[in-house]
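Written below as structure tokens is the structure these notes are about.
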Amino acid sequence: MGIAAGAAVISHSHAHSLVGRLDSTTDDIARVLVADTGHVYLYDYDGSSFTQALDYTVAGDPSWVAFREPDLLYAVDEWSCDVSLHRLNLATNTGELLIIATGSLAAVHLEFNHEGTRMVSSAYGGQAVDVWDVADGGLVLLRTIASPGEPGPDPDRQTESHPHQAVLDSSGRFFIVNDLGTDSILVIDTQDDLFEIVETLRVEPAGCGPRHSVFYPAGTPTATHLFIVCEVTNQVLAYSVAYTGSSLSFDKRQEISTFDPRFPPPTPNAAAAGEIALASNNADLYISNRLTGDPTDSISHFRVNPAWAEPLALMSLYSTGGQLPRMFTLNSASEVFIANQDGDGPGITVLQRNPDGTLVETPQASIPMSVFGDIDEPAPGPKYIKQIA
């Protein structure tokens, strides 16, 4: 299935935490946004250490947030129907609640359109996709779109539809929505502000549970491929993409495990693939693996080549230093920011990316799990992380 020869076995070594204070005169400081239950944090990061600039208390569980320059922060509450808007002032390191609005139950993801005037939330618990008017710094619910389709065969995870993520395509016209509960991808056309479902792709294998996806290539006006990470079966699916005018069409090219089949996870029935990210070089793809049963969970590295019959090849797996890496992101400085929700290791791990896409497994920086909550409690760690400035 396209797995590269000599793929490395995951190592579980990790270094001690590197939390320190920054020199305020340093110009080259990144601003990193982190969220966990009840909190949004802002960190200053100098390439080797973090300093906490803000611990802002919010209601509920902001498991996903979206920052809009220069100072607006939108947040879901995975425990309720609320979506909130805050002012996050990067100059004064302060937060202020502006609006709480009611949408569908248990949103878990937010995505803006290209113009920043509309925002789509995927309501895992509400079986729906909400469209919000966010023009002029507002938050007004415009439309709720029920996610249709028959549930998949998994009796525990697929009793109903579960929209998990909306992704804007490269042209800016279409959102595709990954529905974990129905094994389907919805194509929503935004033309003339209609936001209508124009296509539904039933993905296979049945019971795979599509969670997150990414269009390929990055930085182009149209996409040629869509890579879908499946949470339930721990696979990534590769589809070629064609533009038909009023919709998108898809042709399946490949399905491949997020694990090396020679070294399966100790708990394959519990393991759950998580986040997916494509590097800006359009050659390297990364996926997080959770609940593996190993001492630490992992990030899988794939090479991408659309000229191959099967465009993805698994190269290696790397330790996250902790467990439950629900989210990770790539930054322009060739680093991977990883949020570990659990485990004895750090809550935040930063790994360096080499020019060939491999990762340096010894952390470049980290933040202890104890910063985010009682380490004896289940999953006290962060759920969201992203560099915003």
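The Cα trace of segment 111-257 gives Rg and Dmax of 14.6, 44 Å, the first to one decimal, the second as a whole number. Charging the Cβ of each Asp and Glu at -1 and of each Lys and Arg at +1, and nothing else, the dipole of the chain about its Cα centre rounds to 640 debye.
Please state the charge dipole magnitude for segment 235-389, taken about the Cα centre, from unit charges on C-beta atoms (+1 on K and R, -1 on D and E), reported in debye and rounded to the nearest 20. Don't skip to the answer; put the middle values down first.
Values: 9 positive and 16 negative charges, 97 e Å.
For segment 235-389, the charge dipole is close to 460 debye.
The residues packed around Arg211, meaning those with a beta-carbon under 10 Å from its beta-carbon, carry a net charge of -3 if Lys and Arg are +1 and Asp and Glu are -1.
Between segment 26-64 and segment 107-128, the alpha-carbon centres lie 22 Å apart. Take the chain with all the other protein chains still there, run a 1.4 Å probe, and you get 38 Å² of accessible area per residue.
Candidates Pro210, Pro268, Ile228 compared by Cα position along the dipole of segment 192-295: farthest toward the positive end lies Pro268, with charges placed on Cβ.
Between the amide H of Tyr384 and those of Ala35, distances stay under 5 Å, these residues lying 5 or more places away or on another chain, with hydrogens modeled in the peptide plane. Among the chymotrypsin sites (Phe, Trp or Tyr not before Pro) in segment 277-334, those located in a DSSP loop and surrounded by at most 15 other Cβ atoms within 10 Å of their own Cβ are Trp308. Shown here: semi-axes √(5λ) of the Cα gyration tensor in Å, derived from the displayed model; of the candidates [x] 40, 29, 20; [y] 29, 27, 20; [z] 33, 26, 20, it corresponds to [y]. Listed as lacking a disulfide-compatible partner in the chain: Cys81, by the criterion of no other cysteine Cβ under 4.7 Å. Within the accessible surface of the chain, defined with a 1.4 Å probe on protein heavy atoms only, the carbon and sulfur portion equals 50 percent.
The values are calculated or read from the model by the stated rules, or taken from the named source; none is laboratory data. None of the values given here were measured: they were computed from a predicted structure. Using ideal geometry, Cβ is built from the backbone for each residue, glycine included, and neighbour counts are taken over all protein chains shown. Quick note on the areas: whole protein, heavy atoms, side chains included, nothing else; ligands and nucleic acids left out. Shrake-Rupley method; radii C 1.70, N 1.55, O 1.52, S 1.80 Å.
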